[in-house]
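Input: a single structure, listed below in structure tokens.
Nothing in this text is a laboratory measurement; each read-out follows from the coordinates by a stated rule. Just so we're clear, the structure is a prediction, and the values are computed from it rather than from any experiment. Because the Cβ atoms are built from the backbone with ideal geometry, glycine has one as well, and the counts that use them run over all protein chains shown.
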Amino acid sequence: MLIKLENISKVFNNGDISVTAVDEVDLEIDKYSFIAISGPSGSGKSTLLNIIGLIDTATTGKYYFDGNLVDHNNSNQINLLRSNDLGFIFQNFNLLPVLTATENLQISSLYSIKSSKERKEKAEHLLEQVGLIDKKDNFPNQLSGGQQQRVAIARALMRNAKLVLADEPTANLDSTTALNIIELMQKLNQDLGCVFLFSTHDEKLLNQVNTIIKIKDGRLVK
Amino acid sequence: MIEWFKIAWRNVLRNHRRSIVAISTVAIITSSLLLSYGYINFTFFGLSNNIVNGGLGNMQIADNRLWESFESTPLEFGMSNKKADELIVDLEKNKDVKRAMKRLLFSGIASNGEISTIFSGTGLENKKEKLLQSRSLLESIISGNTLRNTDKNPYQVLLAKGLASKLQANIGDNITLLSTTIYGSINAIDVIVKGIYDSGIPDTNLIELKTPLALAQELMLTEKVSRIVVQLENLDATEKVLPEIKNIISDDVGVRTWYQLAPYFRSVENIYYSIFTVMTTILLILSLLSINNVMTTSVNERMQEIGTLRAFGITKKDIKLNFIFEGLIIGFSGTLIGSLLGFIIAFTVSQSGYMMPPPPGRSQGYPLIFMLTINSTLIIAFGSSILAMLASYLPISKALRKKVVDQLNYV
């Protein structure tokens, strides 16, 4: 088992108003999984992904990553997990505009791959896997939305991540490109064995996935 | 580190309009500071040069009692001519001493037979004094000549223009100088007006005159002199040579440097530096705010990038480094352009021969010259670059205090 959440809750306080975005969630995710989180807008999908991706903290509950309890106050542990074990794919791609496709991949693995030559080789290998080796020296503004998301997927895999999280990775893409992206993610899941966990409310895409976690009002729906 | 510098460099180029505004601000402020410093530097150089070569010398030596109290009778604390000559020989053996010369200060009444007025006179060794004051003396003569052949004919005088005007004296006129001798009696000698000069100070112009030393001694019936004036090879060597001079002179005489004899120099220096400090502070704050504004906009625009890097485990230290490099590039480019601009303006204006109006208490204007030095340029450039780094550090530090999720969702 890679991920285990015990009684995880996230409450946002805004003055006198408290909003429970994630409500007492228990969740276990096995290694090699390919999972979609589905639910309507405001259901807590993104918040749950953010907590699992260690870019937000839970208000209560326990989080185990690969059998180890995650301590959110331990910045060293969090930084190590982020730089070695977690990969992110963002809805807006979030590529650094001043870096080329290869450089975007390389910068994300600055700490995990010390040799710049190795970083470059791996970046080019991954760009080949996502079908963009001919665009390796292109800057993000020279790539289409789908191509940018492919680069973002390759970037998430640069550090041999055990878990790749994607929050609405296809929201800004047309339906054909979106399907291609999901197929690419599935292929990489099978080839590399890393867990893919992504959120979507696109029914067409959900049909492509075996495991779906449904969430509503911050609670998992069985 | 190279990666962060590369990203910083590309971001400076990417936001070129904003970068140009920030670099221009730093450049203008750097050149302003350089020109201000260059102007002040020249003012002090000119002032100290005028004081030393205008007659005061680098230092003066006199009886200790003269420095510490007042004479109750003329030349009560004067130095014998013999002792003065021996001391001058010893002083001129020092390699840093250019020349040493005797002077006799005296006062009395000058008269043309009809009009009488008080004067303050200096009896001087003409040949040496001409060398000390060569340029300033020649430039100050407004009619007639300097003193000449004083060994053969000591009965000649140079009058300051106000005194000459009061006495209605022209070149070649005879006037009578009356003074109290060292014995308390009155003595008078007729002299010929050889030249009229402008001392540069209106109050001094009303009473000052210069005569050969021999004439002043004859008038006061003495062999004594008031003091010895020492000129050094180098204007700036005063502090360095002072201990050596103290070793040469005997215990009964003391030495005073030119800035002790002209205390207003330090006051002027303090006032100028205070003004410069205030102006520098204001300009640097403006520079800080300007770069800070640019960098805050840059940080806010790139908040998602910051969040993305943090999500990949990039440390806050490295992200700060990236933005500090950006500030440094802006700061360094600005100071480089500003320094070049400063040097070009300084050179052009200094060559133009533009004259400034006379300063308060002076009767002559002076050329506008910016005297820049490599040291001051480096200090100002270094300061501006540090400031640019600081201006970058503040917004990125603030941005990094946000949670990663807030950085990623920042709009």
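I'd like to compare A:138-145, B:180-187, B:25-32: which one has the highest average count of other Cβ atoms within 10 Å, and what's the full order after that?
Going by the mean number of other Cβ atoms within 10 Å, highest first, we get B:25-32, A:138-145, B:180-187.
Quick one: helix B:374-400 against the long Cα principal axis of chain B, what's the angle to the nearest 10°, folded into 0 to 90?
30
As a quick test, which of the pairs A:Lys162/A:Lys216; A:Lys120/A:Lys162; B:Lys102/B:Lys246; A:Lys162/B:Lys6 have an alpha carbon distance above 24 angstrom in this structure?
From A:Lys162/A:Lys216; A:Lys120/A:Lys162; B:Lys102/B:Lys246; A:Lys162/B:Lys6, over 24 Å: A:Lys162/A:Lys216; A:Lys162/B:Lys6.
Can you compute 3J(HN,Hα) from phi for each residue in the stretch B:74-79, using the Karplus curve 6.51 cos²θ - 1.76 cosθ + 1.60 with θ = phi - 60°, rounded to whole Hz and x for Gly and Pro?
x, 6, 4, 9, x, 9
How far, in degrees from 0 to 90, does helix B:16-51 lean away from the longest principal axis of the Cα atoms of chain B, to the nearest 10?
10
Could you estimate the translational diffusion coefficient of the protein assembly as shown from the Stokes-Einstein equation, with Rh from the Kirkwood formula over C-alpha pairs, at 10 °C and 1.306 mPa s, in whole µm²/s?
50
Taking R0 as 35 Å, what FRET efficiency do you get between B:Arg14 and B:Tyr264 from their Cβ-Cβ distance, rounded to the nearest 0.05?
With R0 = 35 Å, the Cβ-Cβ based efficiency is 0.05.
Taking the Cα centroid of the stretch A:103-144 and of the stretch A:163-222, what is the distance between the two, rounded to the nearest whole Å?
With the stretch A:103-144 and the stretch A:163-222 each reduced to a Cα centre, they are spaced 23 Å.
Percent antiparallel among DSSP beta bridges with both residues in the stretch B:79-225, to the nearest 5?
Just about 70 percent of them are antiparallel.
What value does chain B have for Rg/Rh, both radii from Cα atoms and Rh as Kirkwood defines it?
On the Cα set of chain B, Rg over Rh gives 1.22.
At a temperature of 10 °C and a viscosity of 1.306 mPa s, determine how fast the stretch B:1-84 diffuses translationally according to Stokes-Einstein, using the Kirkwood radius over alpha-carbon pairs as Rh; express D in µm²/s, rounded to the nearest whole number.
D = 83 µm²/s.
Taking neighbour counts of Cβ atoms within 10 Å as a proxy for exposure, in what order, fewest first, do A:Phe198, B:Phe5, B:Phe265 appear?
Numbers: A:Phe198 24, B:Phe5 15, B:Phe265 18.
Exposure proxy ranking, most exposed first: B:Phe5, B:Phe265, A:Phe198.
DSSP loop (so not H, G, I, E, B), at most 12 other Cβ within 10 Å: list which chymotrypsin sites (Phe, Trp or Tyr not before Pro) in the stretch B:325-397 pass both filters.
Hits after loop and neighbour filter: B:Tyr354.
Using only alpha carbon positions, build the gyration tensor of the stretch B:295-411, then give the equivalent ellipsoid semi-axes as the square roots of 5 times its eigenvalues, largest first, whole angstrom.
Semi-axes from the Cα gyration tensor: 47, 13, 11 Å.
Would you please give the FRET efficiency between A:Asn14 and B:Tyr273, computed as 1/(1 + (r/R0)^6) with r the Cβ-Cβ distance and R0 = 51 Å, to the nearest 0.05?
So the FRET efficiency works out to roughly 0.40.
Between B:Asn81 and B:Asn234, what FRET efficiency comes out of the Förster formula 1/(1 + (r/R0)^6) with R0 = 22 Å and r the beta carbon distance, rounded to 0.05?
On the way: r = 29 Å, r/R0 = 1.32.
Taking R0 as 22 Å, the efficiency between B:Asn234 and B:Asn81 is 0.15.
Using Cα atoms only, what is the angle between the long axis of helix B:81-93 and the major principal axis of chain B, expressed in degrees (0 to 90) to the nearest 10?
The angle comes out at about 30 degrees.
I need to check one value: relative contact order of chain B, counting alpha carbon pairs closer than 8 Å and at least 6 residues apart, in percent. Before the final figure, lay out the partial values.
On the way: 701 pairs, mean separation 112.2, N = 411.
Contact order relative to length: 27 percent.
Using each residue's phi in the stretch B:105-120, evaluate 6.51 cos²θ - 1.76 cosθ + 1.60 at θ = phi - 60° and report the 3J(HN,Hα) Karplus result to the nearest Hz, with x for Gly and Pro.
Calculated HN-Hα couplings, in order: 9, 8, 9, x, 10, 10, 9, 9, x, 10, 10, 10, 8, 6, 9, 10 Hz.
Out of all DSSP beta bridges with both ends in the protein assembly as shown, state the antiparallel percent to the nearest 5.
Given both bridge residues lie in the protein assembly as shown, the antiparallel proportion sits at roughly 70 percent.
Please go through the stretch B:40-128 and write out the chymotrypsin sites (Phe, Trp or Tyr not before Pro) that DSSP classes as loop and that have at most 15 other C-beta atoms within 10 Å.
Working: sites: B:Phe42, B:Phe44, B:Phe45, B:Trp67, B:Phe70, B:Phe77, B:Phe106, B:Phe119; in loops: B:Phe70, B:Phe77.
Within the stretch B:40-128, the qualifying chymotrypsin sites (Phe, Trp or Tyr not before Pro) (loop, at most 15 other Cβ atoms within 10 Å) are B:Phe70.
Residue separation times 0.36 nm, minus the C-alpha to C-alpha distance between B:Phe347 and B:Lys317: what's the value?
6.5 nm
Counting other Cβ atoms within 10 Å, keep those with at most 16, restrict to DSSP loop, and tell me which GluC sites (Glu not before Pro) in the stretch B:84-127 are left.
Taking the stretch B:84-127 and a limit of 16 other Cβ atoms within 10 Å, the loop GluC sites (Glu not before Pro) found are B:Glu114.
As a test of the formula, what do you get for the protein assembly as shown when each DSSP H run with n ≥ 4 contributes -39,500 (n - 2.57) and the sum is divided by the residue count, at 222 nm and rounded to the nearest 500 deg cm²/dmol?
That calculation yields -15500 deg cm²/dmol at 222 nm.
Classify chain A as rounded, prolate or oblate from the Cα gyration tensor: take a ≥ b ≥ c as the square roots of its eigenvalues, call it rounded if a/c is under 1.5, otherwise prolate when a/b beats b/c and oblate if not.
Prolate.
Let me know the Kirkwood hydrodynamic radius for the stretch B:79-225, please, with Cα pairs as the basis and the value in Å to one decimal.
It works out to 15.6 Å.
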